[in-house]
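The structure under discussion appears below in the form of structure tokens.
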Amino acid sequence: MIRLEKASKVFTQEAGSFTALKETDLAIGKGEFIAIMGPSGSGKSTLLQLMGGLDLPTSGRVAVDGTELHKLNENERTLFRRTKIGFVFQNYQLLPVMTVAENVALAMAANKSPKSEIHHRVTELLKEVDLADKADQYPSRLSGGQQQRVAIARALAMKPRLILADEPTGNLDRKTGAGVLETLTRLNREEGITVVMVTHDEEAAKAASRIVRIRDGEVVRDEANRAQEAAPEGGDRA
Ligand code: ADP
Ligand code: MG
């Protein structure tokens with residue numbers, strides 16, 4: 001689903017250049033649920049942004065579902081992101097002046113889908129994240145966990161086969177975060193959606209089947225999640 005070949009990211013500023021990601025080779029298969037872990041500033045978000053075509057590597061290449069991202073021009077990349085990838089962020093990034101339903105509809109509206117189709121899909125998505133009764137509320141009236149589930153519904157609008165989530169439970173307490181992780185796990189297991197989730201929470205990483213650890217812009221470990229192998233049905237993994 002995702003392939004990085006010697007992909008690096010160097011930020012150049014007046015003070016000099018800073019290597020946020022060293023030359024990295026990484027392959028993520030269809031249907032995987034990956035956690036990317038590492039200390040603050042280790043390059044996790046940079047890596048996720050390269051995977052999502054939000055940024056291009058300084059060297060090397062990134063391909064998503066067979067498409068080489070550097071071969072697309074800016075417009076093509078925007079369209080690729082909007083239709084093929086669902087993004088979820090730590091701070092939800094919902095638009096406060098729009099209702100829940102309008103937020104979820106954004107990508108479809110941008111893609112000029114017919115109104116009736118949008119309405120049908122938004123209703124279906126809000127049901128899926130258990131927020132059918134919140135369609136006409138504004139995001140500020142919702143709890144953090146509910147806002148993040150709206151963000152997940154929004155990410156799913158175009159039926160992407162890939163979700164990239166940057167610290168999706170970072171602003172949530174344990175219990176609320178667990179609900180968001182359950183939603184991501186269900187999408188991965190039942191719909192086969194590939195999920196790549198940045199987190200620095202070992203507990204959250206247990207939802208993943210593979211854990212990639214990075215430090216100082218470098219992958220230092222990449223292994224199957226043993227906790228999950230021991231309890232593939234989920235539930236009590238103590
Ligand atoms: P993480 O998500 O693991 O906390 P990031 O990928 O956000 O880390 O950042 C890695 C490093 O790259 C940090 O030292 C950060 O300051 C630097 N960095 C990130 N984005 C930029 C940027 N746009 N310009 C300059 N430096 C950046
Ligand atoms: Mg980050």
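All of the numbers you see were taken from the coordinates with simple rules; none came from a lab. Given the structure is predicted, the values throughout are model-derived calculations rather than measurements. Using ideal geometry, Cβ is built from the backbone for each residue, glycine included, and neighbour counts are taken over all protein chains shown.
Remarks
- Each stretch of four or more DSSP H residues adds -39500 (n - 2.57); spread over every residue of the chain, this sum gives -10500 deg cm²/dmol at 222 nm.
- For the pair D173 and L95, label points projected 7 Å from Cα toward Cβ lie 3.2 nm apart.
- Cα centroid of region 114-168 to Cα centroid of region 46-72, whole Å: 26 Å
- Here the chain is scanned for GluC sites (Glu not before Pro) in DSSP loops (not H, G, I, E, B) that have at most 12 other Cβ atoms within 10 Å, and the longest stretch holding none of them is 15-232.
- Summarising the strand pairing of the chain, around 55 percent of its internal DSSP beta bridges are antiparallel.
- Enclosing the Cα atoms of region 70-205 in their convex hull gives a volume equal to 115 cubic angstrom per residue.
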